[in-house]
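All of the numbers you see were taken from the coordinates with simple rules; none came from a lab. Since this is a predicted model, take the numbers as computed values, not measurements. We place every Cβ from the backbone using ideal geometry, glycine too, and count neighbours over all the protein chains shown.
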């Protein structure tokens, strides 16, 4: 089963784009629009998310960092499974997402567990479906296990357009999903909807941010 040539191709493309942006910054002597934003001594993490599994005949995701290294992967043999496992580069389970249908079949809730556990969820995520109430920009709410009535995080924007932001209880942005574009001779070229960026600000777990991407994909794809 050969899966690595596609990863190497994507990694080279991302790394080459980073090199070209660095060259352009040096030539123009300007602060670049780049992948990593500095906040003091900490840096935001920018991941490239490829909505494609490395394994043939699978649906999933491939996630690489700004150096072209594989960080996370998801491989699903079912198009829309009730359980999705986020793995690291070595194939170890990082987080497991389980979907549960409410009584009478109205609506769904998604629960996130550490590793392959199924006993104590980290959080519960619910899709915002009532556009007549609340903020119409809201896509989903994230609730902590010990505070089921107060949203710990809110996802706003449009996942379908790959323009989302994750806000904490204070309204501060902790992560962002955005379209990936390549600057080719000062002309922005979009990669399309299957390759996009996940920007994670300092203090927020990149793995959990990626889990939210998987949840949004379940909800809105």
**Study point:** Potential lengthening between residue 179 and residue 144 on full extension [0.36 nm per residue; Cα-Cα distance subtracted]
**Key:** 9.7 nm
Review point. So how do 43-50, 73-80 stack up, highest first, on mean other-Cβ count within 10 Å?
Key: 43-50, 73-80
Check your understanding: Once fully extended, how much extra length lies between residue 169 and residue 92, figured as 0.36 nm per residue of separation less the alpha-carbon to alpha-carbon distance?
Key -> 24.6 nm
Practice item. Multiply the residue gap between residue 137 and residue 109 by 0.36 nm, knock off their C-alpha separation, and tell me the result in nm, one decimal place. Key: 8.2 nm
Check your understanding: How big is the Cα convex hull of segment 138-221 in projection, averaged over all directions, in nm²?
Key -> 6.3
Check your understanding: So if R0 is 25 Å, what FRET efficiency would residue 158 and residue 207 give, r being the distance between their Cβ atoms, rounded to the nearest 0.05?
Key -> 0.60
